[in-house]
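Participant: The structure is given below, and queries will be raised subsequently.
The values are calculated or read from the model by the stated rules, or taken from the named source; none is laboratory data. Small disclaimer: the values here were computed from a predicted structure and weren't measured. Here the Cβ positions follow ideal geometry from the backbone for every residue, glycine too, while neighbour counts run over all protein chains shown.
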């Protein structure tokens, strides 16, 4: 059974870069899935940030696209999120997830990691 | 901000039935599959329904999904106290070219 676990700093300063890592066990990130990030701002719903596939395909939500990079690290079976120029509105619980290509669903999720933006 | 609209909350007594609507548009729900997730704060969201009306193994038949036009619906029958959680619909938006989720619905068992 695949398991995903987020890790990274819980506190980021405004204007700096948020970097998170998702460690995958029970599956290879080179398999035929998208590896994605989803966030939940305080008191709000889920927001997809984007996802990448080992075949080179990727997608990002338009409102974040200019600031986001999601990349795969096959040697460590991890994938990462990089979000630049953060503001208070980027404070959220960040989830990593595995997404089925072409079929619009996420079958496995991490438990999430809380990121606070404050100086 | 979300392109998919859900009622903020629904409630019913144990054993009763609740339905949660997810209203979208021709850019998303009408033309593709819908999924549903159950989320308890502090835990990983759990997939309940995929491809609009299919259940993963381990999800009881009390949870059913359907779709008509631009609206998808999750029904929960035989409501149990363990069903108290937030529920989200999700799908692909062809205009935004990204996955989108609903606004979320809190289910309360009275």
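Participant: Would you mind stating whether residue A:71 is over 22 Å from residue B:3 (Cα atoms) and at pLDDT 95 or above? Break it down into steps so the answer makes sense when it comes.
Facilitator: Numbers: over 22 Å from residue B:3 (Cα atoms): yes; at pLDDT 95 or above: yes.
Answer is yes for this residue.
Participant: It is to be established whether one or more residues within segment A:25-39 are in contact (Cβ under 8 Å) with a residue 40 or more places away in the chain, closer than 22 Å to residue B:101 by Cα, within 14 Å of chain B (Cβ to nearest Cβ) and part of a loop (DSSP other than H, G, I, E, B).
Facilitator: Checked segment A:25-39: at least one residue is in contact (Cβ under 8 Å) with a residue 40 or more places away in the chain, closer than 22 Å to residue B:101 by Cα, within 14 Å of chain B (Cβ to nearest Cβ) and part of a loop (DSSP other than H, G, I, E, B).
Participant: Here's another thing I want to ask about it. Only one residue in B:43, B:73, B:19, B:81 is under 24 Å from residue A:43 (Cα atoms), more than 14 Å from chain A (Cβ to nearest Cβ) and surrounded by fewer than 13 Cβ atoms within 10 Å (Cβ to Cβ), so which one is that?
Facilitator: Numbers: B:43 fails: more than 14 Å from chain A (Cβ to nearest Cβ); B:73 fails: surrounded by fewer than 13 Cβ atoms within 10 Å (Cβ to Cβ); B:19 fails: surrounded by fewer than 13 Cβ atoms within 10 Å (Cβ to Cβ).
Only one candidate passes the filter, namely B:81.
Participant: Please name all residue pairs, on different chains or six or more residues apart, with Cβ atoms under 9 Å, provided the first residue is in segment A:99-111 and is at positive phi and the second residue is assigned to a strand (DSSP E or B).
Facilitator: A:102/B:92; A:104/B:34; A:104/B:35; A:104/B:50; A:104/B:90; A:104/B:91; A:104/B:92; A:104/B:99
Participant: Restricting segment B:89-110 to residues that are more than 9 Å from chain A (Cβ to nearest Cβ) and closer than 22 Å to residue A:43 by Cα, which is surrounded by the fewest Cβ atoms within 10 Å (Cβ to Cβ)?
Facilitator: As a first pass, look at segment B:89-110 and keep what is more than 9 Å from chain A (Cβ to nearest Cβ): B:89, B:93-95, B:105-110.
After this cut, where a residue has to be closer than 22 Å to residue A:43 by Cα as well, the list is B:89, B:105-109.
Values: B:89: 35, B:105: 22, B:106: 16, B:107: 19, B:108: 14, B:109: 18.
Among those that are more than 9 Å from chain A (Cβ to nearest Cβ) and closer than 22 Å to residue A:43 by Cα, it is B:108.
Participant: Moving on to the next point. Tell me which strands (runs of 3 or more DSSP E) are completely within segment A:47-119 and hold 2 or more residues being within 13 Å of chain B (Cβ to nearest Cβ), or say none if there are none. First the steps, then the outcome.
Facilitator: Numbers: elements: A:58-60, A:68-73, A:78-83, A:92-100, A:105-109, A:113-117.
Correct list: A:58-60, A:68-73, A:92-100, A:105-109, A:113-117.
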